[in-house]
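To start, the structure itself, in structure tokens.
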Amino acid sequence: MREQQYFVILVIVVGAFQEVNCHIEKPLSGIAIHKTTFHLNEKAHVNASPAVLGSNGQHSEHVLVEFSSPYPSDDDWIGVFSAADFMSSSCPGDNKKSVNRPRVCSVPIKFQYANISNPRYNSTGGGSMKLQLINQRSDFSFALFSGGLLNPKLVAISNKVAFENPNAPVYPRLALGKEWNEMTVTWTSGYGPHVAEPVVEWGIKGGKSKLSHARTLTYGPNDLCGPPARTIGWRDPGYIHTSFLKELWPSSKYTYKVGHRLSNAGAFIWSKEYHFKSSPFPGQDSLQHVVIFGDMGKAEVDGSNDYSSTQRPSLNTTRQLIKDLNKTDAVFHIGDICYASGYLSQWDQFTAQIEPIASTVPYMIASGNHERDWPHSGSFYHGVDSGGECGVPAETMFYVPNQNRDKLWYSSDYGMFRFCVADTEQDWSKGTDQYKFIEHCLASVDRKKQPWLIFLAHRVLGYSSTSFYAETGYFAERLGRVHLEKLWKKYKVDIAVYGHAHNYERTCPVYQSLCTNYEKVTTRVQWMGQST
Ligand SMILES: [Fe+2]
């Protein structure tokens, strides 16, 4: 096994942005939208242009927003709302006595301070900004607020802006299938299965193409577990389609496009064309570059949502991953994916951010506390880090080759690797279904074909000196090693990678707290992110 090590390169980013602890305050959570009062003023205005976006098929465009206020202040801000009609007569959970006035029931999908481009805004009252919009299946409006984020006073609302086809198929993401010669492609659209049939046209590059059908998933507020996901953070997720491209030739270049055949007209609506390379034959001597990281998050390239800047470095990591795409075969994002934490518009924005990566190489995920944790929802930890999502958006937006969508553990063979991916947010202790899966995954690998056995999980189940572990005296998740360490030793796991800690750490091969040898790791480990 060891003489094959030079074929393998793992590039590992552990924690792609800075964070002091694992409880992040989302920028949108700082807006007390439920306290909004109405002070619409005829002398104030907001104008957005162009009004129609995506005329050339693009799914991301900048909009110029110009505004003025007769009573400007440095804490004025512009909120971007989608759908554009964001005022309501009542909100979920309203006391009936208080609903005889207009209400704002949803946070904006992004926001920016009014003085961002004009330091003299508080005296001139005029300003402008360029904001990037992505196609999120609905129209947009821009609203000027005074009173800061904590006491929003709605002063003016803009014209509506919309993408030419808000339903268009967007943001394809590839994932490894259940068999080595299967690739799956998942995408988002506004076309439900009742109006159009989701399809993928694909084929080996230069060869004949064929059509594959796709399944469609979605979810509603009642599928989620609590606020803000079910209340002010709720946004319709549209439809998420997954197609299974089977019986691929090994290590071959394929092209594909995703689309919909309209039920009434029979016409097709297509995405642009993408490409990917299929998996090598199991055990085939080949060079593979696999990038593993956790905790990346998302940020807005236009600088909006920036009062809490902890996730700005996610743009650096994304850019670097894109730059390295021609030497990357697969990506594993092992939990804490976009930190939407109940603000569901962020999932679309994240899939747009990683589109160049996920549409070209398999983008495999694991579950983290920010996707899954919610009290009494079946999560192993009872925190509220998922913001009421309790795993539903993550397991719907991304495909993994598991048996049960809510049980986000799976195995995947890729070239000379077997990956056993655990779900730290659900019980892994001895006797559980997950423990049985982990043992089966480790025990069933054919080491002649997959000499490298890799264990991946979000929280640190092995060893860590990160302060929030060290302070507890456990130096990792309590009970992690107690239940799993014997398995790792028995089945000779080569490498385990975790996220969650936001620090780069590497240990010697260790068993029951002692280094078993000090042999240098010959795998190249490259640090690409920022750490605390
Ligand atoms: Fe985490």
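Residues that are of a type in the set (F, W, Y) and either within 16 Å of the ligand (Cβ to nearest atom) or surrounded by fewer than 24 Cβ atoms within 10 Å (Cβ to Cβ) (or both), at least 2 per element: which helices (runs of 4 or more DSSP H) completely within segment 350-412 meet that? No helices (runs of 4 or more DSSP H) qualify here.
Can you tell me how many residues in segment 455-495 are in a strand (DSSP E or B) and either in contact with a helix residue (DSSP H, G or I) (Cβ under 7 Å, 6 or more places away or on another chain) or closer than 14 Å to Q512 by Cβ (or both)?
Here is the first cut: in segment 455-495, the residues in a strand (DSSP E or B) are 455-457, 495.
Subset that is either in contact with a helix residue (DSSP H, G or I) (Cβ under 7 Å, 6 or more places away or on another chain) or closer than 14 Å to Q512 by Cβ (or both): 455.
Residues flagged as in a strand (DSSP E or B) and either in contact with a helix residue (DSSP H, G or I) (Cβ under 7 Å, 6 or more places away or on another chain) or closer than 14 Å to Q512 by Cβ (or both) within segment 455-495 amount to 1.
Just one of the numbered conditions (1) among the β-branched types (V, I, T); (2) within 16 Å of the ligand (Cβ to nearest atom); (3) touching a strand residue (DSSP E or B) at 6+ places or on another chain (Cβ under 8 Å) is not true of V301; which one? Result: V301 fails condition (2) only.
Conditions (1) within 16 Å of the ligand (Cβ to nearest atom); (2) assigned to a strand (DSSP E or B); (3) within 22 Å of the chain's Cα centre (by Cα), marked per residue:
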| site | (1), (2), (3) |
| --- | --- |
| V258 | no, yes, yes |
| R261 | no, yes, no |
| I269 | no, yes, no |
| H275 | no, yes, yes |
| G283 | no, no, no |
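Within segment 335-349, restricting attention to residues that are hydrophobic (A, V, I, L, M, F, W, C) and modelled with pLDDT of 95 or more, which residue is farthest from the ligand (Cβ to nearest atom)? Steps first, answer last, please.
Taking segment 335-349 and keeping what is hydrophobic (A, V, I, L, M, F, W, C), we get 337-338, 340, 344, 347.
Filter once more, keeping what is modelled with pLDDT of 95 or more: 337, 344, 347.
Values: I337: 10, L344: 19, W347: 17 Å.
Out of the qualifying residues, it is L344.
For segment 42-65, name all the residues that are polar (S, T, N, Q) and touching an Asp or Glu at 6+ places or on another chain (Cβ under 6 Å). Working first, answer last.
To start, the set of residues in segment 42-65 that are polar (S, T, N, Q) comprises 47, 49, 55-56, 58, 60.
The answer is N47, S55.
Just checking, does segment 304-321 include any residue being in a loop (DSSP other than H, G, I, E, B) and in contact with a Ser or Thr (Cβ under 8 Å, 6 or more places away or on another chain)? So far as segment 304-321 goes, no, none of its residues is in a loop (DSSP other than H, G, I, E, B) and in contact with a Ser or Thr (Cβ under 8 Å, 6 or more places away or on another chain). Selection of segment 103-161 for residues being out of contact with any strand residue (DSSP E or B) (no Cβ under 8 Å at 6 or more places or on another chain) and of a type in the set (D, E, K, R) yields only R120. Here S90 fulfils each of the conditions (1) among the hydroxyl-bearing types (S, T, Y); (2) under 28 Å from Y71 (Cα atoms); (3) surrounded by fewer than 24 Cβ atoms within 10 Å (Cβ to Cβ) apart from (2).
Inspect segment 82-102 for any residue being outside any loop (DSSP other than H, G, I, E, B), at pLDDT 90 or above and in contact with a Phe, Trp or Tyr (Cβ under 8 Å, 6 or more places away or on another chain) and give the result as yes or no. Give the steps one after another, and end with the answer.
Of all residues in segment 82-102, those outside any loop (DSSP other than H, G, I, E, B) come to 87-88, 96-98.
Checking the rest, the ones that are also at pLDDT 90 or above come to none.
No, the conditions are met nowhere in segment 82-102.
Scoring A214 on the criteria (1) touching a residue at least 60 places away in the same chain (Cβ under 8 Å); (2) in a strand (DSSP E or B); (3) more than 16 Å from the ligand (Cβ to nearest atom); (4) surrounded by 15 or more Cβ atoms within 10 Å (Cβ to Cβ) leaves a single failure, condition (1). Residues that are part of a loop (DSSP other than H, G, I, E, B), at pLDDT 90 or above and more than 16 Å from the ligand (Cβ to nearest atom) do occur in segment 19-35, at least one of them. Applying the criterion of being farther than 21 Å from S429 by Cβ and surrounded by 18 or more Cβ atoms within 10 Å (Cβ to Cβ) to the residues of segment 472-496, the residue that is nearest to the ligand (Cβ to nearest atom) is I495.
Could we say that R418 is over 15 Å from L461 (Cβ atoms), within 16 Å of the ligand (Cβ to nearest atom), of a type outside the set (A, V, I, L, M, F, W, C) and crowded, with 20+ Cβ neighbours inside 10 Å here?
Details: over 15 Å from L461 (Cβ atoms): yes; within 16 Å of the ligand (Cβ to nearest atom): no; of a type outside the set (A, V, I, L, M, F, W, C): yes; crowded, with 20+ Cβ neighbours inside 10 Å: yes.
Taking the combined requirement at face value, the residue does not satisfy it.
Only one entry of S243, S252 meets the criterion of being of a type in the set (G, A, S), farther than 24 Å from V421 by Cα and at pLDDT 95 or above, and that entry is S252. Only one residue in L154, L150 is more than 20 Å from D302 (Cα to Cα) and either in a loop (DSSP other than H, G, I, E, B) or modelled with pLDDT under 95 (or both). Which one? Exactly one of L154, L150 is more than 20 Å from D302 (Cα to Cα) and either in a loop (DSSP other than H, G, I, E, B) or modelled with pLDDT under 95 (or both), namely L150. The set of residues in segment 103-128 being more than 18 Å from G147 (Cα to Cα), assigned to a loop (DSSP other than H, G, I, E, B) and in contact (Cβ under 8 Å) with a residue 60 or more places away in the chain consists of I109 alone.
The values are calculated or read from the model by the stated rules, or taken from the named source; none is laboratory data. Note that this is a predicted model, so its numbers are computed, not measured. Using ideal geometry, Cβ is built from the backbone for each residue, glycine included, and neighbour counts are taken over all protein chains shown.
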